[in-house]
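Here is the structure we will look at.
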Amino acid sequence: ELKGIVFVIQSQSNSFHSKRAEDLKRDILKQAVDLGKELPTVLLIHQIDRHEGAWTILPLMTDFSVTYGRNASWIFFCEEDTRIQVVKLLETLRRFDKSKEWFLGKALYDEESTIIHHYAFAENPTVFKFPDFAAGWALSIPLVNKLAKKLKSEPLKSDFTIDLKHEIALYIWQKGEGPHLTPVPEFCTDDVNSYKADDCATTFSNFLPLCGEPVNKEDVFVAVKTCRKFHGDRIPVVKQTWEREAALIEYYSDYADISIPTIDLGIPNTDRGHCGKTFAILERFLNHTSPRTPWLVVVDDDTLISIFRLRKLLSCYDPNEPVFLGERYGYGLGTGGYSYITGGGGMVFSRTAVQKLLASKCRCYSMDAPDDMVLGMCFSGLGIPITHSPLFHQARPMDYPKDYLSHQIPVSFHKHWNIDPVKVYFTWLAPNTEESRNGKKVGYNREDL
């Protein structure tokens, strides 16, 4: 029965994202009414605010077990851009015995072991499957109850949340003692208009959001963090690739080199973190750029980014809100902790967010502290949630499953290890690899990357 499914939308509190999640909730409830069914429960993650780490899902298992453990059959998780055919979803879930422990989803796997998964299953990474959240995924209530029990006896460790879908699958798998992910072909990431979508219970509607005209080039100020030892190899890559897309760009270093040119902020380079440098960049943005420039992007010198696509994405956000946008990681979320935007994929700030941050007096606890984590801590203390976009990437294209990247139009990748960064840029990010024609995704030749 439909009322036995608890829908959990992995929503965010930013106004653009919360509206999309509310639209999806309305659509699910409307389908239920049209079917003449009793209404299911639909929860929005960002409204479950007892947990800073609600987005990491596992801390919610105890609540789910207590609240729904007796009168529901399934918890079904989806993203705000997942589209659900409720009738088809019911048919699909009926194939599985709800009294048993099931972990269902569209299976992803690593083709080679990768740093973002701590080189797990290095012998053969393809053996371990984890769910593509965009397609939706489901846990049977017996499994939810078991996880809740496990969490009581061994709480989540206070460490990093880097790739949630992989970490949840690992936790459920319990070193082989728990269930593996069962692949469900009806959980799809095909576009809703695709011919394949007829057989799907779920589809995915969005490759790159666009809400009206892209923001103007002059509305985005780009700050590149570099240091003298990388002027010769990393900066030429930026100049060969994405620099031309940026109308306003400055390079910040520990050495003023007029040939680039770089600006010496008077902060020595550190091998560990760059907190001092990043806060100096924020101060400079606030005090030395036009107050009419609403957006600041801070990137590393080995970040590959599409400013062209970022301008499209930013059309969806209100710069009058304190927006701090990028790829979300978490630290110590099982025990309080905070979320942060990981620096390598690029950190995007609205001017309003920078103003609020600097007015707060929250600062680096040391000049070489990790800047992204300190920023996360500061914004968390201010009650300003970070905004996650899966289109920013802390690692290289080959560090992600091909199937995962196939329903994205990426905004950034990071690191030049063992790749040709210029080739990666022109294959994945350059404006002429243009994104969609008539709503259809253009295939790129990415096989060798």
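The values are calculated or read from the model by the stated rules, or taken from the named source; none is laboratory data. For clarity, every value in this text was computed on a predicted model and none was experimentally measured. We place every Cβ from the backbone using ideal geometry, glycine too, and count neighbours over all the protein chains shown. We work out accessible area using only protein heavy atoms, side chains counted, and drop any ligands, DNA or RNA first. Shrake-Rupley method; radii C 1.70, N 1.55, O 1.52, S 1.80 Å.
Structural remarks
- Scanning the stretch 186-201 for residues that are open to solvent by less than 100 Å² (accessible area, probe 1.4 Å) and part of a loop (DSSP other than H, G, I, E, B) turns up E186, C188, T189, D190, D191, V192, S194, C200, A201.
- Residues of the stretch 360-400 satisfying the condition of being farther than 16 Å from G346 by Cβ, open to solvent by less than 10 Å² (accessible area, probe 1.4 Å) and assigned to a loop (DSSP other than H, G, I, E, B): A369
Every residue, every condition in (1) open to solvent by 20 Å² or more (accessible area, probe 1.4 Å); (2) assigned to a loop (DSSP other than H, G, I, E, B); (3) touching a Ser or Thr at 6+ places or on another chain (Cβ under 9 Å); (4) in contact (Cβ under 8 Å) with a residue 40 or more places away in the chain, yes or no:
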| residue | (1), (2), (3), (4) |
| --- | --- |
| S99 | yes, yes, yes, yes |
| E123 | yes, yes, yes, no |
| L143 | no, no, no, yes |
| L147 | no, no, yes, yes |
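- So S158, is it out of contact with any Ser or Thr (no Cβ under 7 Å at 6 or more places or on another chain) and at pLDDT below 95: no
- Taken across the stretch 32-39, residues that are of a type outside the set (K, R), in the same structural domain as A21 (by the TED database) and closer than 23 Å to F130 by Cβ do not occur at all.
- Considered as a group, the residues in the stretch 343-359 that are in a helix (DSSP H, G or I) and not aliphatic (A, V, I, L, M) include one that is nearest to G53 (Cα to Cα), and that residue is G343.
- Criterion applied to V87, V6, V42 was being open to solvent by 60 Å² or more (accessible area, probe 1.4 Å) and hydrophobic (A, V, I, L, M, F, W, C), and the one residue passing it is V87.
- P142 meets the stated requirement of being modelled with pLDDT of 95 or more, in contact with an Asp or Glu (Cβ under 6 Å, 6 or more places away or on another chain), on the phi < 0 side of the Ramachandran plot and not assigned by the TED database to the domain that holds H388.
- Selection of the stretch 52-67 for residues being surrounded by fewer than 20 Cβ atoms within 10 Å (Cβ to Cβ) and touching a residue at least 40 places away in the same chain (Cβ under 8 Å) yields E52, T62, V66.
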